[in-house]
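See structure below.
Taken together, the values in this text are just the output of simple stated rules run on the coordinates, not laboratory data. What you see is a predicted model; the values in this text were computed from it and never measured. A quick note on method: Cβ atoms are made from the backbone with ideal geometry, for glycine too, and the neighbour counts reach across all protein chains shown.
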């Protein structure tokens, strides 16, 4: 019985200590994770005149600086590049030092935080899109071909959603607009959990170094395909 217990303990220890933990934030950036809830303390930047003018014009008091970081890695050895698939990473990033507030209003912070979720919605879309290309062709190199095309479309859609959210919630201030948008985004995130940003995505982009020693960052990428 003791031998069995010892074997189980060793097995559990190997599993616990063998799992690598990936940090998802540093002193300047927080990367999107499902359990992360940005607070007013993360808004550490100084006022930006251009944004202050918009705040005065439309009556809001916080500004989140967010975007989607991405990179594609390829096998280090040329002899492996026709045998191993590329690895692509997307991760929404919140920059503490350029996000700021002018009054301590928790609702305003919450409203800004949904820009972070919009980034996650489109990062998930990009992952799913590239995976569909890979699955349909079973071809090594297909991600490299479509990476910039998908990335550009991802950012176009993200910016379009940013603008529509800003228009309805901050400019027009339609009744129930924020609640409607919050519901739409939470529903989308709940339905696309399979494509969520992972700690590995965050760590790869935060460190700017490949996680797998057998890979390097792609030195060149194919430009967007104009007929997409």
Residue 30 more than 30 Å from residue 222 (Cβ to Cβ) and part of a strand (DSSP E or B) = yes
Where residue 85 falls short, out of the listed (1) within 30 Å of residue 214 (Cα to Cα); (2) touching a strand residue (DSSP E or B) at 6+ places or on another chain (Cβ under 6 Å); (3) without any contact (Cβ under 8 Å) to a residue 60 or more places away in the chain | (2)
Residue match in the range 137-158 (condition: under 19 Å from residue 192 (Cα atoms), more than 19 Å from the chain's Cα centre (by Cα) and surrounded by 16 or more Cβ atoms within 10 Å (Cβ to Cβ)) | no
Only residues that are part of a helix (DSSP H, G or I), under 12 Å from residue 100 (Cα atoms) and in contact (Cβ under 8 Å) with a residue 60 or more places away in the chain: list them for the range 38-68, please.
-> 40
Residues of the range 45-62 that turn out to be out of contact with any strand residue (DSSP E or B) (no Cβ under 6 Å at 6 or more places or on another chain) and either surrounded by 19 or more Cβ atoms within 10 Å (Cβ to Cβ) or under 30 Å from residue 192 (Cβ atoms) (or both), as a count | 2
Report yes if some residue within the range 71-80 is part of a helix (DSSP H, G or I), within 30 Å of residue 219 (Cβ to Cβ), free of Cβ contacts under 8 Å to residues at least 24 places away in the same chain and out of contact with any helix residue (DSSP H, G or I) (no Cβ under 8 Å at 6 or more places or on another chain); otherwise report no.
-> yes
Sort out which residues of the range 178-208 are surrounded by 12 or more Cβ atoms within 10 Å (Cβ to Cβ) and not in a helix (DSSP H, G or I), and write them in order of number.
-> 192, 196, 197, 198
